[in-house]
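Structure record follows, encoded as structure tokens.
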Amino acid sequence: MIKIKDVGKTYGNGNIAVEALKQVNLNIEKGEFISIMGPSGSGKSTLMNLIGCLDRVTCGDYHLENVNVATLDDNELASIRNKKIGFVFQSFNLLPRISALKNVELPMIYAGVHYKERKVRGMEAMHRVGLADRMDHKPNEMSGGQKQRVAIARALVNRPAIILADEPTGNLDSVSSEEIMAEFQKLNEEGVTVIIVTHEPDIAEHTKRVITFADGYLTSDRMVEKPIQALDILKQKEKALNASLNGGNKDER
Ligand SMILES: Nc1ncnc2c1ncn2[C@@H]1O[C@H](COP(=O)(O)OP(=O)(O)O)[C@@H](O)[C@H]1O
Ligand SMILES: [Mg+2]
């Protein structure tokens, strides 16, 4: 699905040129669940931008579903982004003045979906991320975890083949992070290819394959033998919480 061959990406030129990616080779099949790790400045976001057709390679080849992305003009790139790719960001990137549902409907406006169908599909997406009762809330009336679930609903309304998430749990507490990872695991089980950037090793262990970057180079690529299941962790946390609450009651008696 994704074939990256000898890819380099340089920002700027002359003596201010920054080589953000160097000789990167990477193949990703449909249905994979991948995390990308590495220190700040190592090229992770640059890679996500290339994969997501937000930017173009400086050298080498990038094929997305057998299309050489370098041959596409800006309109074709925008169209691929809209149809094939859903984006999720660390800072949610929701519009503050419109409801959660309207935020989720936005990508469908750009895709030219009729407003009645927009509403139906928007509501479906809100249901699936567990926010059926928050449709009319504005982003600033929601918790971080809820905002990120709205962002996921927005990312999936055009039924993309690929979800790209750049540090999606970076601003979230541990329970909300597990909930977000549960959403990604569910999507991946349904066949969506999911690629996330993360700094947190235990978040990476929820995915099936971990790729590490350092200084623009891809330095390691390994499979995760037994990915952590977010729903299991959430159940454990709930049990522990209930136990401590019951314990608290006993003390009072
Ligand atoms: N638009 C840009 N213009 C110039 N340099 C950039 C730009 N975006 C990123 N860089 C540089 O490219 C390198 C890789 O950045 P980035 O891909 O954002 O790293 P990461 O996401 O791993 O923190 C860094 O040195 C960064 O400063
Ligand atoms: Mg980054």
For the stretch 35-155, one quarter of the surface area of the C-alpha convex hull, expressed in nm², comes to 9.1
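If r is the Cβ-Cβ distance from residue 13 to residue 114 and R0 is 35 Å, what FRET efficiency results, to the nearest 0.05?
Efficiency computed from Cβ-Cβ geometry: 0.15.
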Whole-Hz ³J(HN,Hα) from phi, Karplus 6.51 cos²θ - 1.76 cosθ + 1.60, for the stretch 23-36, glycine and proline x:
6, 8, 10, 7, 10, 10, 8, 4, x, 6, 10, 10, 10, 10
Scoring only Lys, Arg, Asp and Glu (+1, +1, -1, -1) among other residues with Cβ under 11 Å from the Cβ of residue 178 yields -4
Rounded to the nearest 0.05, what FRET efficiency is calculated for residue 214 and residue 66 with R0 set to 35 Å and r the Cβ-Cβ distance?
0.70
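Report the FRET efficiency, 1/(1 + (r/R0)^6), for residue 58 and residue 171, where r is their Cβ-Cβ distance and R0 is 35 Å, rounded to 0.05. Each step should come with its number before you reach the end.
Working: r = 31 Å, r/R0 = 0.88.
Taking R0 as 35 Å, the efficiency between residue 58 and residue 171 is 0.70.
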For the stretch 1-68, shape from the Cα gyration tensor axes a ≥ b ≥ c, cut at a/c of 1.5 then a/b versus b/c, turns out oblate
Gyration tensor (alpha-carbon) shape descriptor, the stretch 134-208, a/c threshold 1.5:
oblate
Relative to the first principal axis of the alpha-carbon coordinates of the chain, what is the inclination of helix 144-156, with its axis defined by its Cα atoms, in degrees from 0 to 90 and to the nearest 10?
50
Treating only the Cβ atoms of Lys and Arg (+1) and Asp and Glu (-1) as charged, compute the dipole magnitude of the stretch 2-252 about its Cα centre; round to the nearest 20 debye.
660
When each pair of different Cα atoms in the chain is counted once in the 1/r mean, what is the Kirkwood radius in angstroms, to one decimal?
19.4
Computed over the chain: longest principal axis from alpha-carbon atoms vs helix 100-110 long axis, angle to nearest 10 degrees, is 20
With the crude spin-label approximation of a point 7 Å out along Cα→Cβ, what separation in nm comes out for residue 27 versus residue 234?
3.5
Residues of the stretch 176-190 with the amide nitrogen closer than 20 Å to a label point 7 Å from the Cα of residue 245, along Cα-to-Cβ, please.
176-179
Label-point separation, residue 6 to residue 106 (7 Å along Cα→Cβ), nm
3.9
Per DSSP H run of at least 4 residues, take -39500 (n - 2.57); add these up for the chain, divide by its residues and hand me the 222 nm value, nearest 500 deg cm²/dmol.
-12500 deg cm²/dmol
Checking the table 208/239; 138/239; 186/237; 102/208 against a 23 Å threshold on Cα-Cα, which pairs fail?
208/239; 138/239; 102/208
Protection proxy ranking, peptides 79-88, 23-32, 177-186, average beta carbon neighbours within 10 Å, highest first:
177-186, 79-88, 23-32
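Readers should treat all values here as calculations from the given coordinates under stated rules, not as data from a laboratory. Keep in mind it's a predicted model, so treat the numbers as computed, not measured. All Cβ positions, glycine included, derive from the backbone under ideal geometry; neighbour counts span all protein chains shown.
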